[in-house]
Amino acid sequence: MQVYGVTGWKNAGKTGLMERLVAEFTSRGKRVSTLKHAHHKVDVDQPGRDSYRHREAGAHQVLLASENRWALMTELRGEQEPSLSDLLAQLAPVDLVLIEGYKREPHPKIEAWRSDADNPLIAPDDPTIRAVATDTPLDLDRPQFDLDDTVAIADFIAKETGL
């Protein structure tokens, strides 16, 4: 299972790039999973639903299943957030796992960067960033791609991962 990240600051275009990369790799016949880090409290469940009520009652894990999908929710209840490697171990085997976020983890990444977002580049100080997807040319020592050139970015990731 190959792992590659998309990182950058808020409003840099990470999620749009992730979405396009998933579509591109799946159109190439690859099985892709994604892992997204959220820095805020997030809840995939809805108050009042049975699964929500199970969690609120104290369940450590709730598995919700239907004919279309299933989801396993694990309540940390004060425990430390799992490491990226622990989370990756929870995923079923696929060709590629695309990771959004996790700036400080050592996996290879592409940085999404937009000039109008007014954030500094991460790449100059981070060797795990192998290329930058940007909306404007930059003076940088790594490959650069147009932020909207999904095919070229996917080709780069495929070459880097051996896919």
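What the table below lists for this structure:
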item: Cross-chain or 6+ apart pairs with Cβ under 6 Å, region 5-16 first and polar (S, T, N, Q), then not in a helix (DSSP H, G or I); result: Thr7/Lys103; Thr7/Lys109; Thr7/Glu111
item: Residue check, Asp146 over 21 Å from Lys30 (Cα atoms) and modelled with pLDDT of 95 or more; result: yes
item: Out of Pro120, Pro137, Pro143, sole residue that is touching a Phe, Trp or Tyr at 6+ places or on another chain (Cβ under 7 Å) and over 15 Å from Gly13 (Cβ atoms); result: Pro143
item: Top-ranked residue in region 1-29 [being among the small types (Gly, Ala, Ser) and either part of a strand (DSSP E or B) or touching a strand residue (DSSP E or B) at 6+ places or on another chain (Cβ under 6 Å) (or both); ranked as farthest from Arg104 (Cα to Cα)]; result: Gly13
item: Yes/no for Asp50 being open to solvent by less than 90 Å² (accessible area, probe 1.4 Å) and among the acidic types (Asp, Glu); result: no
item: Members of region 1-27 that are within 23 Å of Pro124 (Cβ to Cβ) and either surrounded by 22 or more Cβ atoms within 10 Å (Cβ to Cβ) or touching a Pro at 6+ places or on another chain (Cβ under 7 Å) (or both); result: Tyr4, Gly5, Val6, Thr7, Gly8, Ala12, Lys14, Leu17
item: Matching strands (runs of 3 or more DSSP E) fully within region 69-163 where at least 2 residues are exposed (fewer than 13 other Cβ atoms within 10 Å of the Cβ); result: 70-74
item: Tally of residues being under 17 Å from Gly16 (Cβ atoms), among the aliphatic types (A, V, I, L, M) and in contact (Cβ under 8 Å) with a residue 12 or more places away in the chain across region 116-154; result: 8
item: Cβ pairs under 9 Å, 6+ apart, first in region 46-60 and among the aromatic types (Phe, Trp, Tyr), second exposed (fewer than 11 other Cβ atoms within 10 Å of the Cβ); result: Tyr52/Asp43; Tyr52/Gln46
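The values are calculated or read from the model by the stated rules, or taken from the named source; none is laboratory data. A quick note: this is a predicted structure, and the numbers were derived from the prediction, not measured. Here Cβ is always computed from backbone atoms with ideal geometry, including for glycine, and neighbour counts include all displayed protein chains. With ligands, DNA and RNA removed, areas are computed over all heavy atoms of the protein, side chains included. Shrake-Rupley method; radii C 1.70, N 1.55, O 1.52, S 1.80 Å.
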